[in-house]
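Participant: Can you read through this structure? Questions will come right after.
The values are calculated or read from the model by the stated rules, or taken from the named source; none is laboratory data. None of the values given here were measured: they were computed from a predicted structure. Quick note on the areas: whole protein, heavy atoms, side chains included, nothing else; ligands and nucleic acids left out. Shrake-Rupley method; radii C 1.70, N 1.55, O 1.52, S 1.80 Å.
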Amino acid sequence: MESIALEGTPKTPTVNMDGATGIVEIKGRSIPENSIEFYRPLVEWLEEYSKEPQQLTTVNIQLEYFNTSSSKCILDVFKKLEAIKKARNEVIINWYYEEDDEDMLEAGEDYESIIRIPFKMIEVVD
Amino acid sequence: MSFNIDERYSKMNQGEVLLAYKGSITAELITNVLGVVESKLDHVIDKSITKKKIYNILVESLQNLYHHVDDLPYMVNESMDIHFGIFVISKMDESYVIRTGNFIRNDKIKKLTERLDKIKSLTRDELKELYKFVLNNQKFSDKGGGGLGLIDIARRTGGGVDYEFDNYDNDYSFFSFTITIDN
């Protein structure tokens, strides 16, 4: 399947989704006014990928900022990953947060408690 | 007329003002303002976490403003910019304060007041639970996140939000929202 490679903008994150390696990356900032439009192709890609996923899917989320409009879309991404895991595939989610950024750590914990995949919380120190 | 927009605007310009705006609230404007404020914050604040918190809340409050401005009918006020809103970012003592203002239809006041009073009354843990509940259960529209923005702001500020309504006429009031971010 086609991979997705989007470069980040001041309002949208860098996205890499590679079906051949099973690596999914979302990095940067996600603050568009209308997030549904931005995330729709990503969720659709995961839907397609979930039909024939790799044995191991590795997800790296490293967000500097995200708005509440994005938060629901990010949950939709995680729900697709949860479904992949439920179908007995391995899914690893790495949640990166900047040193001392308690809000971002807590945001990761919120997601972790909603979906049933343990997150690896990784503190990034400058 | 009892309510005067210019008076309200100068009342909102308290403290050491970093940026103040009165006029049309558009997506382009918000993008530009965020860029300007971000570089300004880089100059005045050293702590990256404080900067991030302010920026996050600013994004949320400006996008809230953008999505929820009610336009006065042209008949009522023909000199007012379309999609009119106000926002002021200032420093007061050791806190940063973000103030926004917009017209709202009077029939929406009751619901918004209930929502804001509820959010203000919740503890940190209760806000976290409410946030997760809304995130996971409420259907979002293109317009917004089912009140998630307000919950998010209250969470990040430890409930540091306040509001006021000024009656404008039979159909409209002016909604002033104040967010205080302790440094």
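Participant: What are the aspartates and glutamates whose alpha-carbon lies under 16 Å from the alpha-carbon of A:Lys85, with same-chain residues fewer than 8 places away excluded?
Facilitator: A:Glu47, A:Glu48, A:Glu52, A:Asp76, A:Glu112
Participant: Taking every DSSP beta bridge with both residues inside the protein assembly as shown, roughly what % is antiparallel (nearest 5)?
Facilitator: So the antiparallel bridges amount to about 65 percent of the total.
Participant: Another question, if that's okay. Under the rule a/c < 1.5 gives rounded, and otherwise a/b versus b/c splits prolate from oblate, where does chain B land using the Cα gyration tensor?
Facilitator: Because a/c hits 1.5 or more and a/b fails to exceed b/c, chain B counts as oblate.
Participant: Next question. Among A:Lys79/B:Lys120; A:Lys72/B:Lys110; B:Lys22/B:Lys120; A:Lys51/A:Lys86, which pairs are too far apart, with a Cα-Cα distance over 21 Å?
Facilitator: Too far apart for the 21 Å limit: A:Lys79/B:Lys120; A:Lys72/B:Lys110; B:Lys22/B:Lys120.
Participant: Once the principal axes of the Cα atoms of the protein assembly as shown are found, what is the range along each, listed largest first in whole angstroms?
Facilitator: Here the Cα extents, ordered largest to smallest, are 69, 41, 36 Å.
Participant: What are the ³J(HN,Hα) couplings of segment A:115-121, residue after residue, when phi is run through the Karplus curve with 6.51, -1.76, 1.60 and θ = phi - 60°? Round to Hz, x for glycine and proline.
Facilitator: Per residue, the Karplus-derived 3J(HN,Hα) values read 9, 9, 10, x, 9, 9, 8 Hz.
Participant: Please name the residues of segment A:53-74 whose accessible area, counted over protein heavy atoms with a 1.4 angstrom probe, falls by no less than 30 Å² between the chain alone and the full protein assembly.
Facilitator: Output list: A:Tyr65, A:Phe66, A:Asn67, A:Thr68, A:Ser71, A:Lys72.
Participant: In square angstrom, what is the accessible area per residue of segment B:5-182 with a 1.4 angstrom probe?
Facilitator: Per residue, segment B:5-182 has an accessible area of 48 Å².
Participant: Solvent-accessible area per residue for chain A at a 1.4 Å probe radius, Å²? Don't skip to the answer; put the middle values down first.
Facilitator: On the way: 6000 Å² over 126 residues.
On a per-residue basis, 48 Å².
Participant: I've got another one for you. With the calculation restricted to Cα positions, what are the radius of gyration and Dmax of chain A in angstrom?
Facilitator: When restricted to the Cα atoms of chain A, Rg and Dmax are 13.6, 39 Å.
Participant: Counting only complete DSSP H runs, which helices of chain A cover 20 Å or more along their long axis at the Cα atoms and score a mean Kyte-Doolittle of -1.0 or above?
Facilitator: Membrane-span-like by this criterion, though nothing is claimed about a membrane: A:35-49, A:68-86.
Participant: Then there is this: Using each residue's phi in segment B:164-179, evaluate 6.51 cos²θ - 1.76 cosθ + 1.60 at θ = phi - 60° and report the 3J(HN,Hα) Karplus result to the nearest Hz, with x for Gly and Pro.
Facilitator: Going residue by residue, I get 7, 10, 10, 5, 9, 8, 5, 9, 10, 10, 9, 9, 10, 10, 10, 10 Hz, with x marking Gly and Pro.
Participant: Residues with amide H under 5 Å of B:Tyr168's amide H, sequence separation 5 or more or different chain, H placed in the peptide plane at 1.01 Å from N; which?
Facilitator: Residues meeting the amide H criterion: B:Ser173, B:Phe174.
Participant: Give the relative contact order (percent, whole number) for segment A:4-124; include only Cα pairs under 8 Å separated by 6+ residues. Please report the intermediate quantities before stating the final value.
Facilitator: Working: 216 pairs, mean separation 26.5, N = 121.
Computed value for segment A:4-124: 22 percent relative contact order.
Participant: Can you give me the Cα centroid spacing of segment A:41-56 and segment A:68-97 in angstrom?
Facilitator: Going from one Cα centre to the other spans 11 Å.
Participant: Enter the Cα centre distance for the pair segment B:28-79 and segment B:96-140, rounded to the nearest angstrom.
Facilitator: 18 Å
Participant: To continue, here is another question. For chains B and A, what's the summed buried accessible area, probe 1.4 Å, to the nearest 100 square angstrom?
Facilitator: Summing both sides, the interface buries roughly 2600 Å².
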